[in-house]
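Student: The structure is given below, and queries will be raised subsequently.
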Amino acid sequence: MDRKAFLEAYPEFIVGMTVRSADGLKVGVVQDVRDRDFIVERGFFFPRDAVVAFDEVTRVRQGEIFLRRTCDELKSDGFQPGLSLQSAGAPGEETDRHPAIDERVA
C-alpha cells in the first residue's frame, strides 16, 4: 500500500501517534513517514527504531495505531531486512519527510 492509499484509509494517522502490537503492548511512537512505510521510535520492548510497512497496520483508533502481529511475534522476527517490520536507520539511509503529515501534530 502506498502513502496516499494508507492516508485515505486512515485519515487520522499523524506523526507522534502511539504504535501498539496486536496484543496491545506499546511498540513505540511514529517518528517519520515515508512512501510505503513509517518509522517507529523505539519503545520499551524494542531496543532500536523500526520501519513499519503500511500493510502491517490493522486499525487506527483513539489516537493509537495497532499492528497485525503480537509483541512476541515482532520480537521473534528480530527486525530482519526483508520483513515488513525491519531495522531502521541504516547508514546513509534518508527518510522522505512529508510536511502535510508533520503539520497535523504542529
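Any read-out appearing in this document is the output of simple, stated calculations on the displayed coordinates, not a laboratory observation. All figures in this text were calculated on a predicted structure; none of them were measured in a lab. When we count neighbours, we look across all protein chains shown, and the Cβ atoms used for this are built from the backbone with ideal geometry, even at glycine.
Student: Taking the Cα centre of the stretch 1-64 as origin, sum charge times position over the Cβ atoms of Lys and Arg (+1) and Asp and Glu (-1), and report the length of that vector in debye to the nearest 20.
Tutor: 140 debye
Student: Quick one: Ser21, Ser76, fewest Cβ neighbours within 10 Å first, how do they rank?
Tutor: With the sparsest Cβ surroundings first, the list reads Ser76, Ser21.
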